[in-house]
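Before any comments, here is the structure.
The values are calculated or read from the model by the stated rules, or taken from the named source; none is laboratory data. All figures in this text were calculated on a predicted structure; none of them were measured in a lab. Cβ placement follows ideal geometry from the backbone for every residue including glycine, while neighbour counts extend to all protein chains displayed.
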């Protein structure tokens with residue numbers, strides 16, 4: 001997301017009971033797992049969206065993020081039949097570190113757009129992006145019966161491109177000067193994966209080393 005009650009929003013706090021770790025995991029891969037995005041996640045999400053270091057090469061961050069506005073978006077996505085949004089968490093301590101999901105799911109074309117937003121800078125470079133990508137690929141093909149998952153990434157986001165390549169996405173082409181950020185235009189790399197490609201390496205897909 002940049003993604004139901006009227007209760008007060010309280011930021012996440014570490015869980016003290018080690019036995020409860022990963023209790024809400026929906027899918028897991030590597031050192032991360034995904035669960036449903038909760039209302040209590042939104043204050044952290046707002047702070048990350050407002051951090052220029054986090055959004056410098058992303059499509060989001062062009063306007064200030066307010067928790068109240070994120071609540072509205074969260075409620076819309078919670079009801080949506082075409083957007084499937086998840087929270088990305090660390091297995092080691094259940095820490096919420098970002099969001100991911102499949103958006104604009106088309107049941108006729110069987111396509112969806114993959115998105116990911118990792119705001120916790122302390123986990124960058126640890127393979128979390130690749131793990132989250134693999135979980136969404138698995139979810140799209142195995143749970144939603146999609147035929148194609150695609151994404152767009154800033155051409156200068158080298159780490160992001162490498163993560164998608166490790167997850168077995170294929171480059172389709174370049175959209176020239178597609179994105180405006182930082183007082184300039186950037187090219188965007190379009191990548192995708194087809195069901196036929198996924199089926200060629202689906203066995204143990206979630207068990208592979210996200211940094212390998």
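List of remarks:
- Residue in segment 31-52 that is at positive phi, at pLDDT 85 or above and surrounded by 14 or more Cβ atoms within 10 Å (Cβ to Cβ) present: no
- Meets criteria (outside any loop (DSSP other than H, G, I, E, B), more than 27 Å from residue 198 (Cβ to Cβ) and within 13 Å of the chain's Cα centre (by Cα)) for residue 102: no
- In segment 145-164, the residues that are within 13 Å of residue 113 (Cα to Cα) and in a loop (DSSP other than H, G, I, E, B): 146, 147
- When segment 72-90 is filtered for residues that are modelled with pLDDT of 95 or more, closer than 15 Å to residue 36 by Cα and out of contact with any helix residue (DSSP H, G or I) (no Cβ under 7 Å at 6 or more places or on another chain), the ones remaining, listed by number, are 84, 86, 89.
- Top-ranked residue in segment 152-164 [being in contact with a strand residue (DSSP E or B) (Cβ under 8 Å, 6 or more places away or on another chain) and surrounded by fewer than 19 Cβ atoms within 10 Å (Cβ to Cβ); ranked as farthest from residue 107 (Cα to Cα)]: 156
- Here residue 69 meets the list (1) farther than 23 Å from residue 149 by Cα; (2) surrounded by fewer than 16 Cβ atoms within 10 Å (Cβ to Cβ); (3) at pLDDT 95 or above almost entirely, failing just condition (3).
- Pairing each residue of segment 78-94 that is assigned to a helix (DSSP H, G or I) with any residue that is modelled with pLDDT of 95 or more, provided the two are 6+ apart or on different chains, yields C-beta distances under 9 Å for 78/36; 78/37; 78/85.
- Looking only at residues in segment 165-202 that are modelled with pLDDT of 95 or more and in a helix (DSSP H, G or I), the one that is surrounded by the fewest Cβ atoms within 10 Å (Cβ to Cβ) is 196.
- Which listed residue is within 24 Å of residue 39 (Cα to Cα) and in contact with a strand residue (DSSP E or B) (Cβ under 6 Å, 6 or more places away or on another chain), from 149, 97: 97
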